[in-house]
Amino acid sequence: MIKTSPNKKNFSLKRQPLTLLIFSSVSFLLILFRLIFLQLLNHESFRRMSDENRIRLIASQPIRGRILDKNGYVLADSRVRYSLIIKPQFVKKRNWENDKSRIANLLNIDRNLIQKKYSDGLKNQKLSVTILEDLNEDQIIKFKENEVNFISFEISTKLIRNYPYKSLAAHVIGYTQPITKSEYKFLSNKGYKLNDLIGRTGIEYVYEDFLRGEWGGEMIEVNSLGKFKRSLGKRPPLEGNDIALTIDLNLQLVAEEVLKDKKAGAIIVMDPRDGAIRAMVSRPNFDLNFFSKDFKPAKEYDNIFNSSEKPLFNRALNAYDPGSVWKIVTALAGLESGKFPRSTMLDTKPCITYGSQCFREHNDLGFGEIGFEDALRVSSNTFFYQVGYGVGVDEIHKTSRKLGFNSLSGIEISEQENIGLVASSKWAKEGRGWGQPGRTPWVPEDIASMSIGQFVVQVTPIQIARAYAAIANGGYLVTPHLSKKHIESLDKKLVPIDVDLQNIQLIKSGLRKVVESGTGVSINYGVSNLPPVSGKTGTAEDGEGGLDHAWFVCFTPSEKSEVLVVAFAQNTPGGGSVHALPMAREILKVWNENN
């Protein structure tokens, strides 16, 4: 057995007070440093947390700005939805049973439902509980007539987005939806509330910050148990700004009407002088008010989001084979190249062979020897095959870029826009977007197709509108726009295109002949006092294997043009003069009457 010496034992006893003193001193210093941190260094933070625990905000929703047409007609506004609510912690219990019975009888509400919602609100310390949503007019009047008798109940208002014309200009106006929880994490810093509305598409999306306004509310003081003590005051919400579009409601209405019997398509009405959009329609479309519903029926949801017809798809900004409306590009490329001067005359034939295929004239006969103006008038395929083959793919591509193709148009709603495709030898060499580089070379058949706007050319109706506007206004590329606010923000509103203006004038003369005695002559049928019109018909094979597309583009007056129309009927066989031209005629008729 090992014994401890008396000296070691005494030394150990002498160290104990010192150890205790050191431990106490360190503990005291830690506590002191913590107090300094809490009281001095982090005072503001904890005071703020204390206030947040003591103060509650009953938020008040701002009125979102209206969307108007150019003449002030309302295309989108906010509608008030009335709901019956109680503030459980404000309720005086001696009045509760009486108030509950009265309101149940007056508005035909189950009193057990009222009691359940009230009890749940008390249990969860809610400041406000909704008893009945979306009161009808009769219920609101009954409540207001007896309001003095109801101490416990109130009518609250909730603003929902309202679209008076339902599906009109749906793809232009766009819609709003509640923000998601993941969006709230970063949008809360910008003043958004959970389930706040935010613009998802169209003008609602582009001008979100301009339209939305700022939340207000009532500050409520509560005690440590979350019980109501007093109101600290109210701050009214700040209304959003109204925005006026360039859309003309009268033209928009007729454009919607004439496209109604087509399975799919698009119409654009534009001022060729500055690019102001007067009407834009895409079909099929959808009722914008669907997105304002709290409960969205499954059938309606499927018809919008899961339909094979894709109603959310904006066809005015999507790319398709243009067919013969593309021929102005081939014509301008030929003229600008110098290989086909303005005096050029070419012999048109039943068909011309390129590679292994004979490319036919659309009348299977040819039109004899003709020049540029008559080639546009009768829409000769074999004339433009020869011009296209003579200048080559890259000359056509270069000219198309000058006219705004293969790029975004500059319109505000660019999130919906497709830049399309205009082929080039480089594009073919690099694999055509789907193959391996060097294995998909340019072939003779491609140039024939390209010359008349087929297969290796995909363009949007808005791009066609821009290109024809440059012809109509004498050589300026415009920026399509839906609001003055957008166009005023741009450095360059009109861009002169680098082409010989005499070549522009020659094409313009050819387009006038199309309507005077060519494929577009029926534009004048049944219309009186219409100024001279210039235009171009187009029938295009669908590169994706569907039925033919029908196109018609026109502008009037032919000199100093004020309005331009692009009419497009997707997968509607029969020709542009049969299906697209009559739509444009009805629009010009209304435009002429209004002017």
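The values are calculated or read from the model by the stated rules, or taken from the named source; none is laboratory data. Only a predicted model underlies this, so the values are computations on that prediction, with no experimental measurement involved. Cβ: placed from backbone, ideal geometry, glycine included. Neighbour counts: every protein chain shown.
Some notes on this structure:
- Top-ranked residue in the stretch 488-514 [being in a helix (DSSP H, G or I) and either outside the structural domain of S561 (by TED's automatic domain parsing) or touching a Gly at 6+ places or on another chain (Cβ under 7 Å) (or both); ranked as surrounded by the fewest Cβ atoms within 10 Å (Cβ to Cβ)]: L501
- Unmet criterion (only one of (1) under 30 Å from R342 (Cα atoms); (2) surrounded by fewer than 21 Cβ atoms within 10 Å (Cβ to Cβ); (3) touching a strand residue (DSSP E or B) at 6+ places or on another chain (Cβ under 9 Å)) for V578: (1)
- Options G546, G526; residue that is surrounded by fewer than 24 Cβ atoms within 10 Å (Cβ to Cβ), of a type in the set (G, A, S) and out of contact with any helix residue (DSSP H, G or I) (no Cβ under 9 Å at 6 or more places or on another chain): G546
- Filter result (assigned to a helix (DSSP H, G or I) and farther than 15 Å from I141 by Cα) within the stretch 105-114: R111, N112, L113, I114
- Cross-chain or 6+ apart pairs with Cβ under 7 Å, the stretch 469-494 first and touching a residue at least 24 places away in the same chain (Cβ under 8 Å), then among the acidic types (D, E): V478/D274; H481/E412; L482/E412; S483/E412; H486/E412; K493/D274
- Of all residues in the stretch 418-438 being touching a Phe, Trp or Tyr at 6+ places or on another chain (Cβ under 7 Å) and either free of Cβ contacts under 8 Å to residues at least 24 places away in the same chain or within 11 Å of D394 (Cβ to Cβ) (or both), the one that is surrounded by the fewest Cβ atoms within 10 Å (Cβ to Cβ): S425
- Taking the stretch 127-241 as the region of interest, the helices (runs of 4 or more DSSP H) fully inside it that hold 1 or more residues being at positive phi and modelled with pLDDT of 90 or more are 202-206.
- Of all the numbered requirements in (1) closer than 23 Å to K508 by Cα; (2) out of contact with any Cys (no Cβ under 8 Å at 6 or more places or on another chain); (3) among the β-branched types (V, I, T), I419 misses one, and that requirement is (1).
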